[in-house]
Amino acid sequence: MPVAPAAGTTPKSKSLRLRALRRHGRRCLLFGLVFSLLCAGFLAWSIHIEKANTLDHARLEALATFNKDQSFRFWATGHGGVYVPVTEETPPNPYLSHLPHRDIDLPDGRRLTLMNPAYIMRQAMSQYQELYGVRGHLTSLDPLNPINAPDPWERQALAAFANGATEVTRVSEIEGQPFLRLMKPMITQQGCLKCHARQGYRVGDIRGGLSVSIPLAPYLAIEREGLTSFSLSFGLIWLLGMALLGGFWLRGRRQVQEWAQAAEREKFLAAIIRASNDAIFAIDLNQTILSWNPGAEKIYGYKAAEVLGQPVSLLLPPASGDEYAALIARIEAGEVIDNYIAERRHKEGRPIWVALTLSPLPDLAGALSGISITSRDITASRAAEMELRKLSTAINQSPVAILITDAQGRIEFVNPRFSEITGYSAAEARGQTPRLLKSGRTPERDYQRLWETITAGQVWQGEFLNRAKDGTLFWDATTIAPVKDAQGAITHYIAIKEEITERKDLERQLQQAQKLEAVGQLAGGVAHDFNNILTAIIGYASLLEMKLEAKHPLRHNASQILAAANRAAELTQSLLAFSRKQVIDLEPIELNAAIRKIEGFLRRVISENIELRTILAPEPLVVRADRGQFEHLLMNLATNARDAMPTGGVISIETRQATLDEAFRHSHGFGEPGAYALISFSDTGIGMDEETQRRIFQPFFTTKEVGKGTGLGLAMVYGTVKQHGGYLNVYSEPGAGTTFNIYLPCTSEEPLAPAHEVLEATLPGGSETILVADDDTLLRSLATEVLTQFGYRVLAATDGEEALELFRSHRQEIDLAILDVVMPKLNGKAVRDEMLRLVPDLRVLFISGYTADIIHRHGVVDPELDFIQKPMRPHDLLRKVREVLDR
């Protein structure tokens, strides 16, 4: 681009430039006129040729048609005409009446009439005109038939034949359409004299003419297309020529301007170099300094006289090597070196940092003769840049998300951690507001307080439940502070956001664990004594029921006592299940089979207006579970679903295999990776809002009416799932039903077949000797009475030491030892170990009303040990005793 002239441009240089521009303009104008005339001439000639070609083509068609008609006339003349049957189309020719044989009659009665050549030609030409639009006409100045009389043009043509012309053509209109008309003379032949001899014609006379009229419309259409093509082509050629001429004019004008400005530019550039604050100097290929501007004096500290003729290495710090040799080599290779950052030395010896731009200096022949170097002092900006770079690195590598907005809250910057947490790239977030993360879970009043705080110039801290780009919810702890300018006005806001989803999950789990612990402490504290009391109530009530006849009036009372005691026992078991202190018997079971087994019972639990659907996985799903607890879990869910559908609905139980991975854990907040069996328990009931969903697993929380629920059903479900090492979540909306998803870890073990319940008409008894050791007098007496009543001999002990003394005295007689797990002096495990040392094949049955953790602390952890949990019914005790003795 041209460089603006210096302020000192002279009037003489302006005058020279104007004259040169005028000469160049006149040359371009002359060339344009000549070129335009040539284009116009060639276009006119092409149009003339195209029109001539149109008439030539039409004339060729006319000649072809004439020759065809002439040969046909010759044929008809040579045969003296043709006889045809007399019809409406071919009536006898009245103008041939002078011929004696114009008409002839055939033997069959038909009449034929003579068609002379003119008659034949008229009918042939008429039909040809109908088919192809081409007209023909036989004419004469002395026609036999008036229809053959010539029109004005044909009369002129016949006159021309008399003057020696052999062909006449003309373009004229017929019925408003253009035609090419061609006419040639018709020479009298011997056959013509048959009809025309009486007119005085002789062979060889011009008797008339045969005219042909060709429609020009198709030819003119082709001509118009050709003329349009010619016009466009020549127009494009002319425009191209004008464009080239314009380019030539502009180029010449630019060259004239550049030539006129060259001297001024040189002065102008020299002034710029002198005024520049950058160091501008030149070196030759031997690295000798050739020029030195005042800016170089300021940056490097050397006067021009001190450096001109000196090697450029004077400016380099020690141990820099031959740096400029490498730079010169790069310039020689054609490389452009711009913004080359390097360390240099000031005259005083202190280091300075400069940004170099190196350009080649060619000689008159264009060969490289030196290097032009521009240096800008960036010492201060480099120090600031290093500080900014450290700050930028820290922000970009920060483990917390950082975003900066303008004063209106529009995002201007986000760091990579923000994108990792939210899923929004920097480009997607820029220009948006932080509202794109709103989940609708944070109250609007919190946002209002936030804005009131930061717009007042204060720092705000709080927590948000936000939504990522993929819809995942996450928690973050946010600190937002205003950024102010020198005048104290707020220009931006900076937010530091730490994702705390995992911490919130841990807090929620801790709260749940604390609730579990509280309930567990409550349950564990009363379980032993309560179970002992219930065992006595259930036991003696059972004995009373067994001794009373079916119709006895007191038997109903005994049954009611048993029912109430069993409800109390179930309440205790629910508390223990929720707090995960219940004793469970884990074994590999196949879930689909377990669900099929209890399906009939579930149908009896729900109402008749509720449909139960099971959609079970085709493949077996084996987990380690307590069969009874699993069935109890399903019954609790079914009862809960039934109560949520008072007007009826559908319960669906679906099973399938699920694989939990890190992505699942990240999105759901739980789940160790691995294979799981998923049980989805759904209903079409009234559903729940979010507040209810957050509390449904809390003990004693219920939405049912007073007296219609303990609030422990779902708490027991939660505790059972957790005790089995599984996971549980719920999906529900008001009016849209509820789905519980239960994940239980799969096992590769073979499932055990479920034990079949043996319903006996009579309870089993025996005659063996049984040692009963229990520190609770009431329960010890109950066990003694029950076992004695069914034929057993019982030895009773109040603690572990007394049990060992009795065993040592009667070890040859004792067949079974029933030991309480927790007893004074010696616990049940220690007593068992000593007894087995004395009699290795002794059978031992443990009983306890304590929670699972206390039982395990006392060493009863082997799943192969025989154990019965208090409270127990006499029936259960008798069956278990018989089972152990018969093993």
- Query: With all protein chains present and a 1.4 Å probe, how do ASP886, ASP776 order by accessible area, largest first?
  - Reply: ASP886, ASP776
- For the chain, the charge dipole (Cβ of Lys, Arg +1; Cβ of Asp, Glu -1; about the Cα centre) points to a positive end, and the Cα of LEU43, THR478, ILE404 closest to that extreme belongs to LEU43
- Restrict the search to the range 161-223; then list the GluC sites (Glu not before Pro) that DSSP places in a loop and that have at most 16 other Cβ atoms within 10 Å of their Cβ. GLU167, GLU175
- Derived scalar couplings ³J(HN,Hα) [the range 481-489; Karplus, 6.51 cos²θ - 1.76 cosθ + 1.60; whole Hz; x for Gly, Pro]: 10, x, 10, 10, 8, 4, 8, x, 7
- When averaged across all projection directions, what area in nm² does the alpha-carbon convex hull of the range 289-342 cover? 4.4
- Message: From the protein chains alone at 1.4 Å, what is the descending order of accessible area for LEU616, LEU290, largest first?
- Response: LEU290, LEU616
- Message: How high is the relative contact order of the range 50-221? Use alpha-carbon pairs under 8 Å, at least six apart in sequence, and give a whole percent.
- Response: 25
- Task: For the chain, report the convex hull volume of the alpha-carbon atoms normalised per residue, in Å³, without decimals.
- Result: 520
- Built amide H within the under 5 Å cut-off of ASN415, gap 5+: ILE402
- Query: So who's got an amide H within less than 5 Å of the one on ALA797, skipping anything under 5 residues away but keeping other chains? H placed 1.01 Å off N, in plane.
  - Reply: VAL772, ALA773, ASP774
- Query: When the helices in the chain are scored as -39500 (n - 2.57) per DSSP H run of 4 or longer and the sum is shared across all residues, what 222 nm value do you end up with, to the nearest 500 deg cm²/dmol?
  - Reply: -15000 deg cm²/dmol
- Note on the structure: With the charge dipole of the chain built from beta-carbon charges (+1 for Lys and Arg, -1 for Asp and Glu) about the Cα centre, the Cα from TYR493, PRO92, ALA217 projecting farthest to the positive end belongs to PRO92
- Item | Positive-end residue of ASN609, GLN190, ALA380, charge dipole of the chain with Cβ unit charges | GLN190
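Only four residue types carry charge here, +1 at the Cβ of Lys and Arg and -1 at the Cβ of Asp and Glu. Report the dipole size of the chain about the Cα centre in Debye, rounded to the nearest 20.
Charge dipole of the chain: 5460 debye, to the nearest 20.
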- Query: Near the amide H of TYR302, under 5 Å away, which other amide H atoms are found, from residues 5 or more places off or on another chain, if H is placed in the peptide plane?
  - Reply: LYS347
- In the range 391-449, the trypsin sites (Lys or Arg not before Pro) that sit in a DSSP loop and have at most 15 other Cβ atoms within 10 Å of their own Cβ are ARG410, ARG430, ARG441
- Message: Looking at the chain, identify the longest residue range that excludes and avoids all chymotrypsin sites (Phe, Trp or Tyr not before Pro) in DSSP loops having at most 15 other Cβ atoms within 10 Å.
- Response: 1-669
- Item | the chain: relative contact order as a whole-number percent, Cα under 8 Å and 6+ apart | 6
- Rounded to the nearest 20 Debye, what is the dipole magnitude of the range 398-499 about its Cα centre when Lys and Arg each give +1 and Asp and Glu each give -1 at the C-beta? 180
- Query: When only DSSP loop residues count, what GluC sites (Glu not before Pro) in the range 628-695 have their Cβ near at most 16 other Cβ atoms within 10 Å?
  - Reply: none
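The values are calculated or read from the model by the stated rules, or taken from the named source; none is laboratory data. Predicted, not measured: the structure shown is a model, and the values here were computed from it. Methodologically, a virtual Cβ is constructed for each residue, glycine included, from the backbone with ideal geometry; neighbour enumeration extends over all protein chains shown. SASA here: full protein model, heavy atoms, side chains in, ligands and nucleic acids out. Shrake-Rupley method; radii C 1.70, N 1.55, O 1.52, S 1.80 Å.
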